[in-house]
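The values are calculated or read from the model by the stated rules, or taken from the named source; none is laboratory data. Keep in mind that this is a model prediction, so the values were computed, not measured. Neighbour counts are summed over all protein chains in view; Cβ atoms, including those assigned to glycine, are modelled from backbone coordinates with ideal geometry.
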Amino acid sequence: MHKVVKQQRKLKLALCIGSLFTAVPSAVFAQIPDQPLNDAERPLTSLAPAEQDKVVEEQAQTGNIFKRKPGAKHSYWDNLEGHLTVEAGIAGNPWTKSGRNFAQFYVDRANTVQLNQILGSLSHPVEDIGHGYGIGFVIEDLYGSDGRFDPTIGMGSGALNGLYQWVPTQAHIDVKFPWLFKNGIDVQFGQMYGLIGAEGTPALARPFYSFGYASDYIVPFEMIGVVATMHITDHYDWILGVDAGESTSFGAASNNSRPKGWFGFAAHDLMGGRLNAHLIGHFGPEQNNRNPRCSPDGSMCSAGIGRQANDYVKENADIMVSYKLNNKMTVTVDGTWVHDDWLRADAYGVSTFFAYDINPNLTFNARGEVFRDNTGSFITEYSSYTSFTKAISNQPYPYYNALPTTYGELTVGVSYRPEFINSKVHFGQFTFRPEMRLDKSLNGTNPFNRGCPSGVQQCTVNNGTNNMLWFNADAIWNF
């Protein structure tokens, strides 16, 4: 999803290899507005934001808050929906010397049980209001340890500063316009998730507890702006958008004064509904245009680079293809790339996901990824509760990174929805997801299981191990 503000490093360029492996349950588009149940948790389709609303509209002819009496006249508020997800988990790494799982955002704390998220949403699908126009909305907030890495500067950022933090994650109005094309144009206004990637912030918008490298460090998590999805045909969409930047808003809470934007295409329900794909890019200046600041003792500095930040562009691009092999198996391939003009750095990778529905209550998932950070500027461990928020708001922050590294990662696990529990619980559903994961440096660096020396706040680590084997699990309840 991603991310920001590292200091420029002049290190050697290297080449990346492609990816292999396999992984994931009926896939997951980057970020989704509601909290699905049962098989809906694994859509593994590449959907534009407006298409997501269409799915919600088709599945929910009436909402779950107000119950319409038989024979009563339909009201707009009949389709109002509320959802809640609670996720807790642990990332077990018995070999770490730093207490951290390197190159991770949400599951960075090793051997610690965490309440990752209490995610609540209030939404309404886009509903026809006459003459081809429609309107809907989504409001969503998150509380938990995941909040440390999902802030939007200027929207409650820094309200809480401990392990558990509160952040608003979505607040947008969705409007359908019957213009230009047979299926019209869908427009979203407000705060929303980024449009690229295969793993989302909501617990059930991804197959694993842990994230891949690209999902953490390339994919933008949050944005505030306007996105238009133009339905060129029944199967092809053109996507355009403008926003304030990755995890920032406007004015004093912006990173610089230049706009950023989206451009891309999405294809859905091809080959009889088996094939979905998208090619989407995000472009614009992302470095902070404030002057750099350092702590009083000089041990930490911020990432501001002054007014020149407005002239250095950052590009994110994502191509994702999902194919349903049969009624039980789905494969998704996701290629992601980022370039930062100021850092003179690139990072890129390919992830492959595989999902096999063994039975209605059990899904086997696998994910394989090869990822290259060719200067060491992107893969960074934010080592305090507030490091990430401080980094994107031009405050001094502690961190450590690695030398230029090609990372390989293989994760296998299951999503288990126990029938003996869920059949007796009439309010929501329980899911348990154990996983085993191996990370490895493929070019001889040693970034894992070590941190900065005592008293050092910002450093590059190469005295750790060249691999990290860890065992994770989370439990999710949602309705």
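Scanning segment 233-257 for residues that are surrounded by 16 or more Cβ atoms within 10 Å (Cβ to Cβ) and either closer than 17 Å to residue 177 by Cβ or in contact with a strand residue (DSSP E or B) (Cβ under 6 Å, 6 or more places away or on another chain) (or both) yields 237, 238, 239, 241, 243, 244, 245, 247, 249, 256. Just wondering, is there one or more residues in segment 188-195 that are under 18 Å from residue 409 (Cα atoms), at pLDDT below 95 and out of contact with any Leu (no Cβ under 6 Å at 6 or more places or on another chain)? Taking every residue of segment 188-195 in turn, none turns out to be under 18 Å from residue 409 (Cα atoms), at pLDDT below 95 and out of contact with any Leu (no Cβ under 6 Å at 6 or more places or on another chain).
Note on segment 272-292: residues that are surrounded by fewer than 21 Cβ atoms within 10 Å (Cβ to Cβ), within 22 Å of the chain's Cα centre (by Cα) and not in a strand (DSSP E or B) amount to 0. Give the residues of segment 370-401 that are over 18 Å from residue 301 (Cα atoms) and outside any loop (DSSP other than H, G, I, E, B), sorted by residue number. Across segment 370-401, the qualifying residues are 370, 371, 372, 373.
Residue-wise test of (1) modelled with pLDDT of 95 or more; (2) buried (at least 21 other Cβ atoms within 10 Å of the Cβ); (3) part of a loop (DSSP other than H, G, I, E, B).
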{"position": "58", "(1), (2), (3)": "no, no, no"}
{"position": "68", "(1), (2), (3)": "no, no, yes"}
{"position": "72", "(1), (2), (3)": "no, no, yes"}
{"position": "84", "(1), (2), (3)": "yes, no, no"}
{"position": "96", "(1), (2), (3)": "yes, yes, yes"}
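Regarding segment 310-318, can at least one residue be identified that is charged (D, E, K, R), in contact with a Gly (Cβ under 9 Å, 6 or more places away or on another chain) and either surrounded by fewer than 17 Cβ atoms within 10 Å (Cβ to Cβ) or closer than 29 Å to residue 457 by Cα (or both)? Within segment 310-318, one or more residues are charged (D, E, K, R), in contact with a Gly (Cβ under 9 Å, 6 or more places away or on another chain) and either surrounded by fewer than 17 Cβ atoms within 10 Å (Cβ to Cβ) or closer than 29 Å to residue 457 by Cα (or both).
Restricting attention to segment 367-405, the residues that are in contact with a Gly (Cβ under 9 Å, 6 or more places away or on another chain), among the polar types (S, T, N, Q) and within 18 Å of residue 447 (Cβ to Cβ) add up to 3.
Please enumerate the residues belonging to segment 109-124 that are of a type in the set (Ser, Thr, Tyr) and part of a strand (DSSP E or B).
Step one: list which residues in segment 109-124 are of a type in the set (Ser, Thr, Tyr), which gives 112, 121, 123.
Passing the criteria: 121, 123.
Residues of segment 241-271 that are of a type in the set (Phe, Trp, Tyr) and within 20 Å of the chain's Cα centre (by Cα): 262, 263, 265. Condition (residue is in contact with a Leu (Cβ under 6 Å, 6 or more places away or on another chain) and at positive phi) applied to segment 455-471: is it met by at least one residue? No: zero hits.
One line per residue, one yes/no per condition, for (1) touching a Gly at 6+ places or on another chain (Cβ under 7 Å); (2) part of a strand (DSSP E or B); (3) more than 30 Å from residue 91 (Cβ to Cβ):
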| site | (1), (2), (3) |
| --- | --- |
| 126 | yes, yes, yes |
| 137 | no, yes, yes |
| 143 | no, yes, no |
| 166 | yes, yes, no |
